[in-house]
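**Student:** Could you have a look at this structure, given as structure tokens, before my questions?
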Amino acid sequence: MDSVQKAIETQLKNIQAKTGKSLAELEEMAKASGLSKHGEIRDMFKKDLGLGHGDANTLTHVVMKPAGEPEAEGGDVLAEIYAGPKAALRPIHEKLMGELRGWGEFEVAPKKGYVSLRRRKQFAMVGPATKTQVELGLNVKELAGGGRLVAQAAGGMCQYKVRLSSEAEVDAELMGWVRAAFEAAG
């Protein structure tokens, strides 16, 4: 099991502990609500269960999965994100996630086309930008942009972005920037 799937399973266990409800009960709650849109169900979980946005969003992804729909490669959410011509980029993602191990708790929330990494707030997002590059977005204000650390316009999802073409680019410099974002979000 990869680190993303393990983190999602841990997150789901924590949600069940917080709410006192099993996954089946939470799924039934969503069905009984009569709501059908992702955002509506997510917002219901936030309001009715007191869940944070990330927990409610992940739970909604899980409970909205149509019955009988096969899991992507054994439940591997990254298989969907890094499918087809983007499959060769997955080792870059795995190396980045491997470097994050041991830093402390954080939430891994799969989105459509990328993965959000959160503590109290989102500190990074990672996913394929093209067939040849992974994009790492960082939410941190204290960095000096330049070179491969590209500052973004104000008001966007991330203050900085870095494009990665190989595992070798997941280096000490990059992880220093990620560490700054991780600590600022904690």
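The values are calculated or read from the model by the stated rules, or taken from the named source; none is laboratory data. Remember, predicted model here, so these are calculated numbers, not experimental data. Glycine gets a Cβ as well: all are built from the backbone with ideal geometry, and neighbour counts include every protein chain shown.
**Student:** Checking T132 against (1) in a loop (DSSP other than H, G, I, E, B); (2) touching a helix residue (DSSP H, G or I) at 6+ places or on another chain (Cβ under 8 Å); (3) closer than 29 Å to T60 by Cβ, only one condition comes out false. Which one?
**Tutor:** For T132, the failing item is (3).
**Student:** For A7, state whether it is under 19 Å from the mean Cα position of the chain (by Cα) and either exposed (fewer than 15 other Cβ atoms within 10 Å of the Cβ) or touching a residue at least 24 places away in the same chain (Cβ under 8 Å) (or both). Quick ask: steps written out before the conclusion?
**Tutor:** On the way: under 19 Å from the mean Cα position of the chain (by Cα): yes; either exposed (fewer than 15 other Cβ atoms within 10 Å of the Cβ) or touching a residue at least 24 places away in the same chain (Cβ under 8 Å) (or both): yes.
Yes: the conditions hold for A7.
**Student:** Test L143 against the stated conditions and say whether it is within 17 Å of the chain's Cα centre (by Cα) and either assigned to a strand (DSSP E or B) or farther than 24 Å from G52 by Cβ (or both). If you could, list the steps in order and put the result at the bottom.
**Tutor:** Working: within 17 Å of the chain's Cα centre (by Cα): no; either assigned to a strand (DSSP E or B) or farther than 24 Å from G52 by Cβ (or both): yes.
For L143, the condition - within 17 Å of the chain's Cα centre (by Cα) and either assigned to a strand (DSSP E or B) or farther than 24 Å from G52 by Cβ (or both) - is not met.
**Student:** Now for a different question. Only one of these is in contact with a strand residue (DSSP E or B) (Cβ under 6 Å, 6 or more places away or on another chain) and modelled with pLDDT of 85 or more: K47, K86, K31, K95. Name it.
**Tutor:** Numbers: K47 fails: in contact with a strand residue (DSSP E or B) (Cβ under 6 Å, 6 or more places away or on another chain); K31 fails: in contact with a strand residue (DSSP E or B) (Cβ under 6 Å, 6 or more places away or on another chain); K95 fails: in contact with a strand residue (DSSP E or B) (Cβ under 6 Å, 6 or more places away or on another chain).
Exactly one residue qualifies, and that residue is K86.
**Student:** Could you say which residue among G176, G98, G156 is out of contact with any Leu (no Cβ under 8 Å at 6 or more places or on another chain) and in a loop (DSSP other than H, G, I, E, B)?
**Tutor:** The match here is G156.
**Student:** Filter the range 152-166 for residues that are within 20 Å of G127 (Cβ to Cβ), surrounded by fewer than 16 Cβ atoms within 10 Å (Cβ to Cβ) and at pLDDT below 95 and give the result.
**Tutor:** Q152, A153, G156, M157 - these are the residues of the range 152-166 that are within 20 Å of G127 (Cβ to Cβ), surrounded by fewer than 16 Cβ atoms within 10 Å (Cβ to Cβ) and at pLDDT below 95.
**Student:** Here is a check on your reading of the model: is A109 of a type in the set (G, A, S), exposed (fewer than 14 other Cβ atoms within 10 Å of the Cβ) and not in a loop (DSSP other than H, G, I, E, B)?
**Tutor:** Numbers: of a type in the set (G, A, S): yes; exposed (fewer than 14 other Cβ atoms within 10 Å of the Cβ): no; not in a loop (DSSP other than H, G, I, E, B): yes.
No.
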